[in-house]
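Visitor: Provided herewith is a single structure, encoded as structure tokens, for subsequent inquiry.
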Amino acid sequence: MRKVLVVGGTQFIGKELVRRLVARGDGVTILHRGSSPLPEGVEEIRCDRNDGEAVRRALRGREFDFVFDNVYDWARGTTAEQVAAAAGSCGPGIQRYVFLSSVAVYGEGENHREEDPLAPADHQYPYIRNKAETERMLFRLHQERGFPAVTLRPPYVYGPENAFYREAFFWDRIRRDRPVIIPEDGSRLMHFVYVRDLVWAMLRVAETPAAVGQAYNIANPAPLTQVEAVRAFAAAAGREARLVFVPRAKIQAAGGNVFEPPFYFGQYYDLPGITESIDKARRDLGFEPTPFDKGLAETYQWYLARSRAEEPDFPFEDRLLEMR
């Protein structure tokens, strides 16, 4: 039985990964700080991964074949030094350390390939800076000590159990025949990847010897404009979207936010586009993404079946629309 450590395995990507690992018979341990229920047979280590000394104590004497590091602390950030605490504590027998990075490591721009430069260490945005610095740290460990690191760089991840208010944001409006606000002309590019495709790639690089020391872009074949993305969300629900175009400056002046409520275009979705090429993943891993319409259809069925804590409300959007 393969011994697997998942750093952060109770939300969205981690839940899908743990399900797949358990289904194939691996012995799974989750390192997390919360109290979420775990699947039967899964061991847990309760620890704040941002506390490097606590992580080293918790992992001392433990041996794992594979480690999947897929958690980022959005409130406090997770630095390269904090990831290094886990990477350096997993025992000498580790075969693969799979780090879930992000397309954000490129900082900006379109059609990035894995050999493109990463964002600088002094980048103004902590998330971009931390992800890029962590990749540089892991690849230094690989070069200096042969540490078996692999990094994956997904763009926007969508799919069932998404913890961010993204796909559901649009379906909450489209199903009620409410207008969907489009910032400016809706031409910003959005690149997506299905959560099940991303997890497939995580498992694939763990068992592909040639992947050691490599980074892989994992995404759909091509990005979409914001307008194209909203229309795809609507098509998955069997509806047409009512689009209302509002200048971004007007949205922001009214209090609209990307990172916290009130959202106007889903959580984190209205950001300058960063896109990437997946040629390397296709060539080295045999990666073939799920068609966007198929992945959205499966996600929409989850949306319809999920339990809802409270009904959405729309006062910010109503005020914004009245101001037009």
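Visitor: Can you pull out every residue in region 2-51 that is within 20 Å of the chain's Cα centre (by Cα), under 20 Å from Leu203 (Cα atoms) and small (Gly, Ala, Ser)?
Guide: Gly8, Gly9, Gly14
Visitor: A further question on this structure: Given (1) under 29 Å from Gly146 (Cα atoms); (2) assigned to a loop (DSSP other than H, G, I, E, B), where does Arg204 come up short, assuming only one miss?
Guide: Going through the list (1) under 29 Å from Gly146 (Cα atoms); (2) assigned to a loop (DSSP other than H, G, I, E, B), Arg204 breaks only (2).
Visitor: On to the next question. Look through Asp197, Asp172 and report the one residue that is part of a helix (DSSP H, G or I) and closer than 27 Å to Thr134 by Cβ. Outline the logic, then answer.
Guide: Values: Asp172 fails: closer than 27 Å to Thr134 by Cβ.
From the options Asp197, Asp172, the qualifying one is Asp197.
The rows are residues; the columns are (1) surrounded by 15 or more Cβ atoms within 10 Å (Cβ to Cβ); (2) hydrophobic (A, V, I, L, M, F, W, C); (3) in contact with a Cys (Cβ under 8 Å, 6 or more places away or on another chain).
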{"site": "Ala249", "(1), (2), (3)": "no, yes, no"}
{"site": "Ala254", "(1), (2), (3)": "yes, yes, no"}
{"site": "Glu260", "(1), (2), (3)": "no, no, no"}
{"site": "Phe263", "(1), (2), (3)": "yes, yes, no"}
{"site": "Tyr268", "(1), (2), (3)": "yes, no, no"}
{"site": "Ile274", "(1), (2), (3)": "yes, yes, no"}
{"site": "Ser277", "(1), (2), (3)": "yes, no, no"}
{"site": "Asp284", "(1), (2), (3)": "yes, no, no"}
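Visitor: What are the pairs, 6+ residues apart or on separate chains, where a residue within region 246-268 that is in the same structural domain as Gln226 (by TED's automatic domain parsing) and in contact (Cβ under 8 Å) with a residue 40 or more places away in the chain has its Cβ under 6 Å from a residue that is surrounded by 15 or more Cβ atoms within 10 Å (Cβ to Cβ) and assigned to a helix (DSSP H, G or I)?
Guide: Ala254/Leu320; Pro262/Phe316; Tyr264/Ile251; Gly266/Phe169
Visitor: Could you pull out the residue among Ala84, Ala119, Ala104 that is farther than 23 Å from Gly52 by Cα and either among the charged types (D, E, K, R) or assigned to a helix (DSSP H, G or I) (or both)? Walk me through how you get there before you give the answer.
Guide: Numbers: Ala84 fails: farther than 23 Å from Gly52 by Cα; Ala119 fails: either among the charged types (D, E, K, R) or assigned to a helix (DSSP H, G or I) (or both).
None of the other options fit; the residue is Ala104.
Visitor: Something else now. How about region 107-116: which of its residues are touching an Asp or Glu at 6+ places or on another chain (Cβ under 8 Å) and not in a strand (DSSP E or B)?
Guide: Correct list: Arg113 only.
Visitor: I've got another one for you. Among the residues of region 41-59, are any closer than 21 Å to Lys131 by Cα, surrounded by 21 or more Cβ atoms within 10 Å (Cβ to Cβ) and of a type outside the set (D, E, K, R)?
Guide: yes
Visitor: Just one of Arg324, Arg282 is closer than 30 Å to Glu207 by Cα, not hydrophobic (A, V, I, L, M, F, W, C) and not in a strand (DSSP E or B); which is it?
Guide: On the way: Arg324 fails: closer than 30 Å to Glu207 by Cα.
Of Arg324, Arg282, the one residue that is closer than 30 Å to Glu207 by Cα, not hydrophobic (A, V, I, L, M, F, W, C) and not in a strand (DSSP E or B) is Arg282.
Visitor: Separate question: Starting from residues that are touching a Gly at 6+ places or on another chain (Cβ under 9 Å) and assigned to a helix (DSSP H, G or I), keep the ones in region 122-137 and report whichever is surrounded by the fewest Cβ atoms within 10 Å (Cβ to Cβ).
Guide: First pass over region 122-137, keeping only residues touching a Gly at 6+ places or on another chain (Cβ under 9 Å): 123, 125-130, 132.
Next, only the ones that are assigned to a helix (DSSP H, G or I) stay: 126-130, 132.
Values: Pro126: 13, Tyr127: 17, Ile128: 21, Arg129: 22, Asn130: 25, Ala132: 23.
Looking at the filtered set, the residue picked out is Pro126.
Visitor: Here is a further query. For residues that are within 21 Å of the chain's Cα centre (by Cα), surrounded by 19 or more Cβ atoms within 10 Å (Cβ to Cβ) and closer than 28 Å to Arg33 by Cα, tally how many sit in region 80-121.
Guide: Here the count works out to 15.
The values are calculated or read from the model by the stated rules, or taken from the named source; none is laboratory data. Being a predicted model, the structure only gives us computed values, none of them experimental. Cβ: placed from backbone, ideal geometry, glycine included. Neighbour counts: every protein chain shown.
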